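Quick note: the coordinates plus some simple rules give every number you see, no bench work behind them. Owing to the predicted nature of the structure, the values given are computational and were not obtained by experimental measurement. So basically every Cβ, Gly included, is an ideal-geometry build from the backbone, and we count neighbours across all protein chains shown.
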Amino acid sequence: MQQYVESVMAQVKARNAGEPEFHQAVHEVLETIVPVLEKHPEFIKDKIVERLVEPERQIMFRVPWVDDKGEVQVNRGFRVQFNSAIGPYKGGLRLHPSVYLGIIKFLGFEQIFKNALTTTPIGGGKGGSDFDPKGKSDREVMAFCQSFMTELWRHIGPDTDVPAGDIGTGAREIGYMFGQYKRLSNSFTGVLTGKGLEWGGSLARTQATGYGLVYYTTRMLADAGTDWNGKKVVVSGSGNVAIYANEKATQLGAKVIAMSDSNGYIVDESGIDLACIKELKEVRRARIKEYVASHPSAQYVEGCRGIWSVPCDIALPCATQNEINGDEAAILVNNGVKFVAEGANMPSTPEAIATFQGSGIAFGPAKAANAGGVATSALEMSQNSMRLAWTFEEVDAKLHGIMNAVYDQCVNAADAYGQKGNLAAGANMAGFLKVAKAMSAHGVC
Ligand code: NDP
């Protein structure tokens, strides 16, 4: 079986050359699903794995727009519609200069399993562009978003593919994209999630990924006989996921002492003042180093990766992929970290994961731990279809229930396939099983 998996992996590398993040994401899944494949030879016969690693469709397109100086700019747009076995493609749009096909494919591949774990009927997809919204005027961002949607709109739809936000795509960008979709399609539908509350958005969607991460981690803590009370927490990033992970962890009694952006990190041993971070990041779009101007007892350190040298009980990486390498994981472990749960997608390198798992640290994998965002997007789709809106408390309660169900699936699959306590293997196996069964039922397609 190991040989079979290795041969599929070799094929993936050969057919997708120059896409190391995609190889990493596929490898991480394939190496953990061997026990499932051993119990289900029909998946091998039906070539489920070979089909799963091949996107159903990938779209790349030109995105021309005019900047404030009147100059024409050209970006590249992507949408990878990876797998629709259990529902319409669903996944965010990333706007960041590092975006290329390999990043979108890694994210789209992970999304298949994450979405399966949410218990909601959504398939996996992802998209984005190498456009950088940072430092652009609102008008420039609007020009880009309108041009991006002018091509994307023909490929998506409320029952086909429903994009959402991700790095660089927040409420402003979703608004501009939705406006353009509505114009082009002459229809008002729930084609994007993360919408404003006045035009079809769901309460608690903004908070969902961060809150969900904390609900998942709460179960990890409970299984170790403890809770958030008095724990020192380090949260990387200061975007959507990081801010609401901080908020919920603090509500539950933890003290978040460090946060970061791509330039550097702050340490405030008295507990980070989240209202200040929200003002800096959500309102002013400023840099995190400005925090120390109003909080002189806090410290700012240039260079974002140093954040993992801050001693803590719980680490929540919420910034970006591969932000913790093996050496940084070892520093965290030596400094006494006991729990690591991933808010970002694939933030830990394979070496970092091996270090955590080999040191007896409880490790919550991204696919499961950050599934609250897309799960609440699915709840937004449900509300759009029903043409009604649930209260914050209703959505939050459903999110909480979903995160408990995600956690239970990870634990149960790990138990059932001889990997007790390995939440990463459990998440991959449970997600894979659901999608593989659906693909088998649909025949060769
Ligand atoms: P945002 O754009 O809101 O925030 C990203 C944050 O990470 C910013 O503070 C950014 O800083 C920081 N950052 C980016 N690159 C680095 C880096 N190399 N080192 C340190 N910090 C960095 O994105 P989100 O919060 O939405 O997304 C964060 C992660 O969570 C991503 O991996 C995303 O895929 C994942 N995710 C998001 C979901 C959502 O609902 N939003 C759902 C599930 C997963 P700066 O401002 O300097 O760029």
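Can you tell me the mean projection area, over all orientations, of the convex hull of segment 160-207's alpha carbons? Units nm², please.
Averaging across all directions leaves 3.5 nm² for the Cα convex hull.
Determine the distance separating the Cα centre of segment 337-359 from the Cα centre of segment 398-412; give it in Å without decimals.
20 Å
For segment 290-403, what does the equivalent ellipsoid look like in terms of its semi-axes, each the square root of 5 times an eigenvalue of the Cα gyration tensor, given largest first in whole Å?
32, 20, 12
Where q = 0.10 Å⁻¹, what log10 of I(q)/I(0) comes from the Debye formula for segment 13-149, counting one point per Cα?
Scattering profile of segment 13-149, log10 relative to I(0): -0.40.
Rounded to the nearest Å, what's the spacing between the alpha carbon centres of segment 369-397 and segment 11-82? Just the number, please.
Here the answer is 27 Å between Cα centres.
Would you work out which of Ala354, Tyr407, Gly431 lies farthest towards the positive end of the dipole of segment 289-445, given +1 charges on the beta-carbon of Lys and Arg and -1 on that of Asp and Glu, about the Cα centre?
Gly431
So the label point goes 7 Å from the Cα of Gln73 along Cα→C-beta, right? Which residues of segment 174-188 then have their backbone N under 18 Å from it?
Counting backbone N atoms under 18 Å from the label point, the list is 174-177.
Can you give the three extents of the C-alpha atoms in the chain along their principal axes, from longest to shortest, in whole Å?
Here the Cα extents, ordered largest to smallest, are 64, 54, 44 Å.
Nearest 20 debye, what's the magnitude of the dipole of segment 336-445 about its Cα centre given +1 on Lys and Arg Cβ and -1 on Asp and Glu Cβ?
Approximately 260 debye in magnitude.
Order these peptides, 393-402, 59-68, by their mean beta-carbon neighbour count within 10 angstrom, highest first.
Most protected by this proxy first, the peptides run 393-402, 59-68.
As I understand it, the dipole of segment 270-399 uses +1 on the Cβ of Lys and Arg and -1 on the Cβ of Asp and Glu, about the Cα centre. Which of Val337, Ile324, Ser385 lies farthest toward its positive end?
Going by the Cα projections, it comes out as Ser385.
Using +1 on the beta carbon of Lys and Arg, -1 on that of Asp and Glu, and nothing else charged, what's the dipole of the chain about the Cα centre, debye to 20?
That gives a dipole near 840 debye.
When the Cα centres of segment 261-317 and segment 149-216 are compared, how far apart do they sit, in Å?
29 Å
Calculate for the chain the 222 nm mean residue ellipticity that helices alone would give, adding -39,500 (n - 2.57) per DSSP H run of length 4 or more and normalising by residue count, nearest 500 deg cm²/dmol.
Mean residue ellipticity at 222 nm (helix-derived): -14500 deg cm²/dmol.
If you place +1 on the Cβ of every Lys and Arg and -1 on the Cβ of every Asp and Glu, how big does the dipole about the Cα centre of segment 45-200 come out, in debye to the nearest 20?
With Lys and Arg at +1 and Asp and Glu at -1, about 200 debye.
Residue farthest toward the positive end of the dipole of the chain, with Cβ of Lys/Arg at +1 and Asp/Glu at -1: which of Val301, Gln111, Trp65?
Result: Trp65.
Kindly rank 106-114, 187-195, 129-137 from highest to lowest mean number of other beta carbons found within 10 Å of each residue.
The densest-packed peptide leads the list: 106-114, 187-195, 129-137.
Can you compute 3J(HN,Hα) from phi for each residue in segment 348-354, using the Karplus curve 6.51 cos²θ - 1.76 cosθ + 1.60 with θ = phi - 60°, rounded to whole Hz and x for Gly and Pro?
Running phi through 6.51 cos²θ - 1.76 cosθ + 1.60 with θ = phi - 60° gives 9, 5, x, 5, 5, 4, 4 Hz.
Apply the Debye scattering formula to segment 381-434, with a single equal point scatterer on each alpha-carbon and no solvent, then give log10 I(q)/I(0) at q = 0.18, 0.28 Å⁻¹.
Log-scaled intensity ratios, in q order: -0.65, -0.95.
Which lysines, if any, have their Cα less than 17 Å from the Cα of Lys90, not counting same-chain residues under 8 positions apart?
Correct list for Lys90: Lys105, Lys114, Lys126, Lys195, Lys367, Lys434.
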